[in-house]
Structures are given as structure tokens and as C-alpha cells.
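A.B. asks: The following block contains the structure, expressed as C-alpha cells.
Derivation of every value follows stated rules applied to the coordinates shown; laboratory data play no part. None of these values were measured; they are calculated from a predicted model. Neighbour counts run over all protein chains shown; Cβ positions are idealised from the backbone, glycine included.
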């Protein structure tokens, strides 16, 4: 069977994170949503997404296909139900389409479909803040999925462990003289990752391959590092999607950081308003600030954005793609893509200079800034221009 993940109706709610990738490639827990579905199904998947992303994330359609709404996280029972779908059948959850069977180039009329209702609870990602809010549950599920039937690599005797049964190290982890507390949630450390001396980690926590936790770092779960990330200072309930750095002192909490981002030394984000009211954030779908319903909400930063030393982000700040933030005082709590500056004002970040930086940053971690990447960035630059000052 051919499985295809589609963005669904909440893609715009997940901007600016989804400017550069399909919904399926957002990270929550240990794995991306795509990786979860593929590991459960035992098949690779392709994607229905925005046209400007389709060269990098193509769809492969076959004679028979099962289309899956990528905003839903898989469970064992849901995957079993999805894998058994046949022609003219669909699965729904409280009126939301989860999956359906589609023949090649067939016109879909859901009025003629047999509709199954999925009765159990599911995690659905409808807003950017749903990622850190649901990270703990997703991380525990991924931990069980990845480690089932496997044994952890040996944990050195210098490590102080609590609830060792919920701690898993992949091969070639470099870790000494640290505290791993899995009483509140599982801890997963990926292949070739490094946890330096004096670090204190409280689960749920996951770090991807080749990631680094620097000396004396304090981590409160649920927190996730994707591959080739680096953290220091204090981190609480944050997702660093991959290839990004927060390598120095400073606080990051209730946050989602995209790929290829850098948080300067001693930078901090607020995650609680002084009056304890619900946090509002910029909503791209509504083009206004929207109520998250959360008392704690920190920073949402999209791919390739950076901030200088001592940057202060206010509660619920949203930073677009490839922005460079620096200077004293709090910058605006909505910073459009390709912005350069801070509280004193913003100007447009030159595409040529942005591309030069992207290429240098990616080459440092042995990745390539491709022609496909450049086309995607050019499109984002154009569609985000209405938010920038002229």
C-alpha cells in the first residue's frame, strides 16, 4: 500500500514553522510526525503540501493510496485501522478527517464514502503551541516505540540515575558525571550524542544523534533536541527541531525552535505574563494576535533565524524565517520573516546575505543549502513581504 501524508486544514495555523516544511516534518516527542507514521506503518511516505514545497517534498501517487492527515499523531490502534482501509472508506474523529482510501486520479466524493469514527483519544497538532504542550505524551510514546525489545547501551557508573529502566542510550554516547532523573518521564539519548559534566536532566527528555548538552546545563522536561543540536544554560519544555544551538547561559522555556537557528549567549525568553493572563501570539491564519488559552507560552522561532547576545524575548513572541534579532530592550512580539534588527526597529534582511549565511551555517554541520532550498526561501521572502516595513 502507498501512504501519503497531507497537510490538512491547520497548516496556516502552524506558520511560520511550516513555511519551510510540510506539517508531517514537524518534530514532537523524539521523532517527526512523518517518522512516527513510517515507523508504525513499516513503509516510507510522501507528501501533499504547498506547491512551492513540492520539489523538495514530492508526492508519489500509485494505483491505490491511503491519504493520512499529518496533523494527527499515530497510535497503535489508529495505525491498525488506517492500514485496513479499503476503497470508498474514511476515518474521522469528531468530524475531523483522519485518513481515506484513494485510487489514482480518482475524484473524491466523501458523501459516498463509508465513514468510520475513531473513538479513542488522539493528539492533533492544530497550533504551534500544541507542539510543546503535547511534547511529553508524544515523547513517552516515541520512547516505547523506539526502544521496544532493545537494550540500552551501558550507562557509565559516574552517572547518577533515577528510574534507570526509563533511560535509554544509543551506541557511542559520550556521557560522564551527570544526573539523569527519569522519575517524571523517559530519557532518550541518541547515537553519538554528548552530555558533558555537571549537567542535570529531568525527563521527559530526548536528544537526537550528534547533539550536545554542555557543562552544567539544567534541563526540565518535556524537552526535545533534534539531531546536531547544542544547548547550555536552562531549558524547560522546549523543542529544538534540529541543527540549532543555544549553547550558553540564558533561559528558554515553553518554546519551539526551528532548524538552523542560533540563540545568542545570555538570551532569555519570558513564558509568563506579569498579570498571569493567557498568552496571545501572532496567528498567520487570522492575521492578528490570538489567545492561546495558555498561561505559559514562550518563543516560537522558525528555521534559519538567529538572535544576538543578551536578547530578551517577551511572552509569546513569534519569529519568522531567517530573521536576525539583536540589541537592547524587548523586540516586537511578532517579527516577520527576513527581518534584521530589534527593539530600535527592523529592516529587510537582504536575500543575498541571507543565502550566504544559510550556506555557511549548513556547511558547518556537513549539510547542503540546495537550489531547492533557495527557491523555497525566495517564495517565503515574497509572501512574507506584506508583514515587513517598506
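A.B. asks: Starting with the fewest neighbours, write out 340, 37 ranked by other beta-carbon atoms found within 10 Å of each beta-carbon.
C.D. replies: Least crowded to most crowded, the residues run 340, 37.
A.B. asks: Shape of segment 285-390 from its Cα gyration tensor (a ≥ b ≥ c, root eigenvalues): rounded if a/c is under 1.5, otherwise prolate when a/b > b/c, or oblate?
C.D. replies: prolate
A.B. asks: Another question, then. Quote to one decimal, in nm, the extra length available between residue 104 and residue 272 on full extension: 0.36 nm per residue of separation minus the C-alpha distance between them.
C.D. replies: Once the chain is fully extended between residue 104 and residue 272, it gains 55.5 nm.
A.B. asks: If a/c stays under 1.5 just call it rounded; otherwise compare a/b with b/c (prolate if a/b is bigger, oblate if not). Do that for the chain, with a ≥ b ≥ c from the square roots of the Cα gyration tensor eigenvalues.
C.D. replies: Verdict is oblate for the chain.
A.B. asks: For the chain, set up a GNM with springs between Cα atoms under 10 Å and report which of 15, 299, 169 has the largest fluctuation.
C.D. replies: 169
A.B. asks: Mind sorting 64, 140 by how few other Cβ atoms lie within 10 Å of their own Cβ, fewest first?
C.D. replies: Final ranking by Cβ density, sparse to dense: 64, 140.
A.B. asks: Still on this structure, please answer the following. Taking 0.36 nm per residue of sequence separation and subtracting the Cα-Cα distance, how much length would be gained by fully extending the chain between residue 374 and residue 310, in nm to one decimal?
C.D. replies: 20.0 nm
A.B. asks: With each label point set 7 Å from Cα along the Cα-Cβ vector, what nm distance links residue 51 and residue 360?
C.D. replies: About 3.6 nm, to one decimal.
A.B. asks: Please work out the Cα center distance from segment 93-171 to segment 291-314, rounded to the nearest Å.
C.D. replies: 25
A.B. asks: Extension gain residue 83-residue 44, at 0.36 nm per residue separation less the Cα-Cα distance, in nm?
C.D. replies: Result for the pair: 12.7 nm of gain on full extension.
A.B. asks: In a Gaussian network model over the chain where Cα atoms closer than 10 Å are linked, find which of 218, 230, 273 has the largest mean-square fluctuation.
C.D. replies: Comparing 218, 230, 273 in a Gaussian network model of the chain, the most mobile one is 273.
A.B. asks: Arranged by the count of other C-beta atoms within 10 angstrom, fewest first, what order do 161, 297 take?
C.D. replies: Ordered from fewest to most neighbouring Cβ atoms within 10 Å, 161, 297 come out as 161, 297.
A.B. asks: Picking from 170, 35, 378, which is most flexible by a Gaussian network model of the chain using Cα springs under 10 Å?
C.D. replies: It is 378.
A.B. asks: Can I ask one more? Using a Förster distance of 25 Å, how high is the FRET efficiency between residue 151 and residue 174, based on the Cβ-Cβ distance and rounded to 0.05?
C.D. replies: It comes out at approximately 0.85.
A.B. asks: Can you give me the Cα centroid spacing of segment 326-381 and segment 230-264 in angstrom?
C.D. replies: Distance between centres, Cα-based: 17 Å.
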